[in-house]
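Participant: Can you read through this structure? Questions will come right after.
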Amino acid sequence: MGNRNLDPTAVIPRRLGNTGLLLSPIGFGAFKIGRNLGTKYEHDYALPSEAEATTLLNGVLDLGITWIDTAPAYGLSEERIGRAVASRRASFVLSTKVGEVFEAEASSFDYSRAATSASIERSVNRLRTERIDIVFVHSNGEDERILNEGEVTAGLRDAQQARRVGRIGFSGKSVAGFRRAMDVGYEVLMVEHHPLDDSMRPILVEAARRGIGVVIKKPLASGRSPPATAIPFSLNSPSVASLAIGGLCLSRFAEHIRVATACDATA
């Protein structure tokens, strides 16, 4: 199966800025267990069955992965995570998002305070948890407008005060947007970064200086960058704690972890 000789204790946790959270260097991006419509992947794929999704989720935790990332826009993902691994909740960091939903094969966006609060409550219920460790703003690309309006930030702060959310994060698309997010107090940034696009390096450097946690989305450039190159490229970059990698093959996750563990061992 490719994971038989992998020792989960060999996975070295990494600090997520000043949040106090520790993440495995490879995280599980849960898009593909919940949605296969309106995707940006080059190739179509079948949605896994409930049993297959349950096996995969438990399998990645058994490999030593300690971060699972999802979103309301990922179709069935949140509900499947809740059903499959709520009993193992203490063993992993859980993140989801607010701002985007995907219905009737189309995305819609709402960054109001009320919508943010309602989204978090739906996610808490679907994920079968009392508290979500990190909630990211799922930006539609209008980063600065979203942040300057302040509604989504207020909604996230409300949820923090109610102890529904641990840390607040921003999953954006622009250098200016990430700088604004840091200025208004976001504690974690989710940044696209890989060997084909190093444009966010100034943000990684600044986040490291300010003690702000960074996780990477699309670290394999949606399959265009080989893991043996892409994983060390991002993990060796300033402030990066973990890479959110999606997929449906457990043996590939085992190989990703091997690459990451070797990278950390030689750092």
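Participant: Identify, from the list ALA104, ALA118, the residue that is among the aliphatic types (A, V, I, L, M), more than 18 Å from the chain's Cα centre (by Cα) and on the phi > 0 side of the Ramachandran plot.
Facilitator: Going through ALA104, ALA118 in turn, the sole match is ALA104.
Participant: Here's a follow-up. Is there a residue being more than 17 Å from LEU37 (Cα to Cα), open to solvent by less than 30 Å² (accessible area, probe 1.4 Å), in contact (Cβ under 8 Å) with a residue 60 or more places away in the chain and not in a strand (DSSP E or B) anywhere in the range 64-83?
Facilitator: Checking the range 64-83: at least one residue is more than 17 Å from LEU37 (Cα to Cα), open to solvent by less than 30 Å² (accessible area, probe 1.4 Å), in contact (Cβ under 8 Å) with a residue 60 or more places away in the chain and not in a strand (DSSP E or B).
Participant: Is it the case that ALA46 is hydrophobic (A, V, I, L, M, F, W, C), out of contact with any strand residue (DSSP E or B) (no Cβ under 6 Å at 6 or more places or on another chain), open to solvent by 20 Å² or more (accessible area, probe 1.4 Å) and within 18 Å of CYS249 (Cβ to Cβ)?
Facilitator: yes
Participant: If you go through the range 23-45 one residue at a time, how many are under 16 Å from the mean Cα position of the chain (by Cα), aliphatic (A, V, I, L, M) and in a loop (DSSP other than H, G, I, E, B)?
Facilitator: Residues meeting the conditions: 2.
Participant: Keeping to the range 132-179, report how many residues are over 27 Å from ARG89 (Cβ atoms), open to solvent by less than 30 Å² (accessible area, probe 1.4 Å) and without any contact (Cβ under 8 Å) to a residue 40 or more places away in the chain.
Facilitator: Residues flagged as over 27 Å from ARG89 (Cβ atoms), open to solvent by less than 30 Å² (accessible area, probe 1.4 Å) and without any contact (Cβ under 8 Å) to a residue 40 or more places away in the chain within the range 132-179 amount to 6.
Participant: Moving to a separate point now. May I ask you to verify whether ALA114 is open to solvent by less than 40 Å² (accessible area, probe 1.4 Å), in contact (Cβ under 8 Å) with a residue 40 or more places away in the chain and in contact with a helix residue (DSSP H, G or I) (Cβ under 9 Å, 6 or more places away or on another chain)?
Facilitator: no
Participant: For the structure I just gave you, tell me whether LEU220 is within 24 Å of VAL93 (Cβ to Cβ), among the aliphatic types (A, V, I, L, M) and surrounded by fewer than 24 Cβ atoms within 10 Å (Cβ to Cβ).
Facilitator: Yes.
Participant: So which residues in the range 1-44 are modelled with pLDDT of 95 or more, farther than 20 Å from GLU78 by Cα and of a type in the set (A, V, I, L, M, F, W, C), if there are any at all?
Facilitator: Answer for the range 1-44, where residues must be modelled with pLDDT of 95 or more, farther than 20 Å from GLU78 by Cα and of a type in the set (A, V, I, L, M, F, W, C): LEU16, LEU21, LEU22.
Participant: Identify all residues within the range 248-267 that are open to solvent by 10 Å² or more (accessible area, probe 1.4 Å) and under 30 Å from LEU47 (Cα atoms); write none if there are none.
Facilitator: Residues satisfying the conditions are LEU248, CYS249, LEU250, SER251, ARG252, GLU255, HIS256, ARG258, VAL259, THR261.
Participant: Wholly within the range 152-267, which strands (runs of 3 or more DSSP E) include no fewer than the required count, namely at least 1 residues that are aromatic (Phe, Trp, Tyr) and either farther than 16 Å from LEU23 by Cα or in contact with a Ser or Thr (Cβ under 6 Å, 6 or more places away or on another chain) (or both)?
Facilitator: 165-171
Participant: Can I ask one more? Mind listing whichever residues of the range 103-135 are at pLDDT below 95 and more than 24 Å from ALA154 (Cβ to Cβ)?
Facilitator: Of everything in the range 103-135, those that are at pLDDT below 95 and more than 24 Å from ALA154 (Cβ to Cβ) turn out to be GLU103, ALA104, GLU105, ALA106.
Yes or no, residue by residue, for (1) of a type in the set (Asp, Glu); (2) closer than 17 Å to SER234 by Cα; (3) modelled with pLDDT of 95 or more:
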residue	(1), (2), (3)
ALA154	no, no, yes
GLN160	no, no, yes
ARG164	no, no, yes
ALA176	no, no, yes
ARG179	no, no, yes
MET182	no, no, yes
GLU192	yes, yes, yes
ALA207	no, yes, yes
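The values are calculated or read from the model by the stated rules, or taken from the named source; none is laboratory data. This structure is a prediction, so every number in the text was calculated from the model and none was measured. All Cβ positions, even for glycine, are placed from backbone atoms using ideal geometry, and neighbour counts span all protein chains on display. The accessibility values were calculated without ligands, DNA or RNA, using every heavy atom of the protein model including side chains. Shrake-Rupley method; radii C 1.70, N 1.55, O 1.52, S 1.80 Å.
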